[in-house]
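Q: Here it is: the structure, laid out below.
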Amino acid sequence: MSLRASRSRRTRAGALVLAASLLAVSCGGSKSNDPEAGPDSESAGLNAQAGESGLTDAGEPQRGGTLLYGVEAESTAGFCLAEAQLAISGMLAVRAFYDTLTVPNAEGGYVPYLAKSVEPNADSTEWTITLRDGIKFHDGTDLDATVVKNNLDAYRGKYAGRNSLLFSFILQDIADVTVADPLTVKVTTKRSWVSFPAFLFASSRLGIMAQAQLDAPGEACANKPIGTGPFKFVSWNPNQKFVAERNEDYWQIAPDGKPYPYVDGIEFRPSPYSTVRSQSIESGVLNIIHTTDGEKISALFRELRDDGKANMLVSEDSAEVSFIQLNHTVPPFNDVRMRRALALASDRDDVNRRVNAGLPTVAEGPFGPGSIGFLEDTGFPQYDIEAAKALLAEYQAENPGAETGFTISSTTDPAVKRIAELIQQRASEVGIKIKIDVVEQAALIDRAISKNYQAMVFRNYPGGDPDLNYVWWYGKGNPVNFGGWDDPELDKLLDAGRSETDPAKRKEIYQDVNRRMATEVHGMWAWFTPWAVVTAPEVHNILGPPLPGADPSQAGEATTDDPAQQPSTGLATGHSLLGLWIEQ
């Protein structure tokens, strides 16, 4: 794959049954053919294809104003990106302060961004990254090959003073990074790595830091971001607000001939409770929020949108999968029969028909529609209560006296916490004790890393190239395989997919990965998580402008029909903040 910038070129039967059912009850439902299930996402205009409400008739962008963005969590570990642990709220901040070398486009591919081109050699073991000329960091220093090399070395754990955990595994197939000339970096890999450009985006986590931040001591590196992004750091009061101002010298030029962004500043305000975020957008305390709350998306926010009191974009494109993450290293889920019993005990379709608005799509595996690994039928165990009981009886006969209860961890978000509470209430009716472990999102991630849990309500694996999941699913002691499995057959497939250059063969490999993930129940798949970005009625352009062409110093087009030049319509890893503007 070669990338070059151009305009032509985007998750005892009783407790287990209840656990799975209530998960779906609380957070959304499947596509349904039952007319009583309510309108589905397509008919309600609650999908990416429906687009952003209010945008078509908004008129020409205006400059000025401040975005007050309500996000679901604080990124307490900070923004020393090579060391950071960032979920979606942190990814949004990365989009504000930094740029990545590549970005996803609407075709599902990756195109150059800070890079002017990213090109492989014949067998994809050497990648040449050519940078755009004239881009400066917020401290006035130049973006050049040396600082990009140093960033890549820091991410892969090869830069003195920086400690990388997640990225050192993600980028372990990089053999060397060298500077060829002031604007050219060469990356040599240990084997053919056909999807390497996707890793230069890494779900928006691989922002390029200025040398001063890269060399700063711990807290200074974490607390004072210096990037090339559209916004410059002003102040950060953790759990209150993260304040940034417009980068007057940003390298991309808007159609009005001035640099993006249009707004004067942005404030990220962490608000873990979805209800509080929704009240804040209604009251005007915030003028933009994000949410995965299916009930509010399909009811409250939809009504606000239809009444012209809010604008909204909903997307399931390249979505994360919501699922019950099962710890394979401890009982009871170290036994595949218990994992399969959980799946067999779940009548997900029935639950969705009865109670949900039909917003999310039920997941039969971790790869969603649009992925080359997607399958309608993955072999994931379907609802069969008698088969579930048989497996449970078999397990209990072989493990007399084994503990039957388990602990479910959840975040503090009421929509997620409610799942755990309902599971606990119904389980107690059949005599099974379930403990609820409610923690902040960052702590939940820490517990996932340390395998300090039995089951947790989780979402992960956003779309994009399927090789991006190598880091989460590979075995052999992988510290970020949160499920803790060691599956040699899966490892073999993941290795093959990384280096396979034939698209048809690559598709077959990742469909086999999907089948393996389903039959081994490496996760109790629930649905593909729709994200909604909701704004005040005077705020527009959530996805942003077309992607930069060969010369971003010239005023760009406001729109284009070329999907290769359009930004990805997925919202799971955040979205561009460039084009947002506010009616004055």
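Q: Would you confirm whether any residue within the range 108-120 is under 22 Å from Glu245 (Cα atoms), open to solvent by 10 Å² or more (accessible area, probe 1.4 Å), within 20 Å of the chain's Cα centre (by Cα) and modelled with pLDDT of 95 or more?
A: The answer is yes, given that some residue of the range 108-120 is under 22 Å from Glu245 (Cα atoms), open to solvent by 10 Å² or more (accessible area, probe 1.4 Å), within 20 Å of the chain's Cα centre (by Cα) and modelled with pLDDT of 95 or more.
Q: Follow-up question, since we're still on this one. Given the structure, is Met517 in contact with a Pro (Cβ under 7 Å, 6 or more places away or on another chain), crowded, with 20+ Cβ neighbours inside 10 Å and closer than 23 Å to Asn327 by Cα?
A: Considered against the rule, which asks whether it is in contact with a Pro (Cβ under 7 Å, 6 or more places away or on another chain), crowded, with 20+ Cβ neighbours inside 10 Å and closer than 23 Å to Asn327 by Cα, Met517 comes out as yes.
Q: Scan the range 140-162 for residues that are under 13 Å from Ala115 (Cα atoms), open to solvent by less than 10 Å² (accessible area, probe 1.4 Å) and not hydrophobic (A, V, I, L, M, F, W, C) and jot them down.
A: Matches in the range 140-162: none.
Q: Can you tell me which residues in the range 359-376 are open to solvent by less than 30 Å² (accessible area, probe 1.4 Å), part of a loop (DSSP other than H, G, I, E, B) and more than 17 Å from Gly464 (Cβ to Cβ)?
A: Passing the criteria: Leu359, Pro360, Leu375.
Q: Which residues, counting only those in the range 90-107, are among the small types (Gly, Ala, Ser) and either in a strand (DSSP E or B) or crowded, with 23+ Cβ neighbours inside 10 Å (or both)?
A: Within the range 90-107, Gly90, Ala93, Ala96 meet the criteria.
Q: Next question. Is there a residue being in a loop (DSSP other than H, G, I, E, B), within 25 Å of the chain's Cα centre (by Cα) and modelled with pLDDT of 95 or more anywhere in the range 265-283?
A: For the range 265-283, residues in a loop (DSSP other than H, G, I, E, B), within 25 Å of the chain's Cα centre (by Cα) and modelled with pLDDT of 95 or more: absent.
Quick grid of which residues meet (1) under 30 Å from Ile542 (Cβ atoms); (2) out of contact with any His (no Cβ under 9 Å at 6 or more places or on another chain); (3) modelled with pLDDT under 85:
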position	(1), (2), (3)
Asp317	yes, yes, no
Phe333	no, yes, no
Asp349	no, yes, yes
Ile372	yes, yes, no
Gly379	no, yes, no
Lys389	no, yes, yes
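Q: Quick one: would you say Lys190 is open to solvent by 10 Å² or more (accessible area, probe 1.4 Å), at pLDDT 95 or above and within 30 Å of Pro563 (Cα to Cα)? Don't jump to the end; show me each part of the working.
A: Numbers: open to solvent by 10 Å² or more (accessible area, probe 1.4 Å): yes; at pLDDT 95 or above: yes; within 30 Å of Pro563 (Cα to Cα): no.
It is false that Lys190 is open to solvent by 10 Å² or more (accessible area, probe 1.4 Å), at pLDDT 95 or above and within 30 Å of Pro563 (Cα to Cα).
Q: Given the residues Thr56, Thr11, which is the only one that is at pLDDT below 50, farther than 30 Å from Glu219 by Cα and not in a helix (DSSP H, G or I)?
A: Thr11
Q: Whether any residue in the range 172-179 is surrounded by fewer than 17 Cβ atoms within 10 Å (Cβ to Cβ) and touching a Pro at 6+ places or on another chain (Cβ under 8 Å) is what I want to check.
A: No, that holds for no residue.
Q: Oh, and also: From (1) touching a strand residue (DSSP E or B) at 6+ places or on another chain (Cβ under 8 Å); (2) modelled with pLDDT of 85 or more; (3) within 26 Å of Pro546 (Cβ to Cβ), pick out the condition that doesn't hold for Glu74.
A: Unmet for Glu74, out of (1) touching a strand residue (DSSP E or B) at 6+ places or on another chain (Cβ under 8 Å); (2) modelled with pLDDT of 85 or more; (3) within 26 Å of Pro546 (Cβ to Cβ): (3).
Q: When you check Glu538 against the structure, is it surrounded by fewer than 22 Cβ atoms within 10 Å (Cβ to Cβ), acidic (Asp, Glu), touching a Gly at 6+ places or on another chain (Cβ under 9 Å) and under 30 Å from Ser117 (Cα atoms), yes or no?
A: No; evaluated as a whole, the condition is false for this residue.
Q: Would you confirm, using the coordinates I've provided, whether Asn247 is among the polar types (S, T, N, Q), open to solvent by less than 40 Å² (accessible area, probe 1.4 Å), more than 25 Å from the chain's Cα centre (by Cα) and modelled with pLDDT of 95 or more?
A: Against the criterion (among the polar types (S, T, N, Q), open to solvent by less than 40 Å² (accessible area, probe 1.4 Å), more than 25 Å from the chain's Cα centre (by Cα) and modelled with pLDDT of 95 or more), Asn247 qualifies.
Table: residues versus (1) out of contact with any Phe, Trp or Tyr (no Cβ under 6 Å at 6 or more places or on another chain); (2) buried (at least 22 other Cβ atoms within 10 Å of the Cβ); (3) modelled with pLDDT under 85.
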{"residue": "Ala427", "(1), (2), (3)": "yes, yes, yes"}
{"residue": "Lys433", "(1), (2), (3)": "yes, no, yes"}
{"residue": "Val438", "(1), (2), (3)": "yes, no, no"}
{"residue": "Arg447", "(1), (2), (3)": "no, no, no"}
{"residue": "Asn452", "(1), (2), (3)": "yes, no, no"}
{"residue": "Pro466", "(1), (2), (3)": "no, yes, no"}
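Q: Of (1) farther than 28 Å from Gly570 by Cα; (2) under 27 Å from the mean Cα position of the chain (by Cα); (3) modelled with pLDDT of 90 or more, Pro366 satisfies all except one. Which?
A: That leaves (1) as the condition not met.
Q: Under the condition of being among the hydrophobic types (A, V, I, L, M, F, W, C) and out of contact with any Asp or Glu (no Cβ under 9 Å at 6 or more places or on another chain), which residue from the range 541-570 is most open to solvent (accessible area, probe 1.4 Å)? It would help to see each step written out before you state the result.
A: Restricting attention to the range 541-570, the residues satisfying the condition of being among the hydrophobic types (A, V, I, L, M, F, W, C) are 542-543, 547, 550, 555, 558, 564.
With out of contact with any Asp or Glu (no Cβ under 9 Å at 6 or more places or on another chain) added as a condition, the list becomes 547, 550.
Working: Leu547: 19, Ala550: 63 Å².
Residue satisfying both the conditions and the ranking: Ala550.
The values are calculated or read from the model by the stated rules, or taken from the named source; none is laboratory data. Quantities reported herein were computed from a predicted structural model and do not represent experimental measurements. As a convention, Cβ positions derive from the backbone with ideal geometry for all residues, glycine included, and neighbour counts pool all protein chains shown. Note: accessible area is taken over every heavy atom of the protein model, side chains too, but ligands, DNA and RNA are not part of it. Shrake-Rupley method; radii C 1.70, N 1.55, O 1.52, S 1.80 Å.
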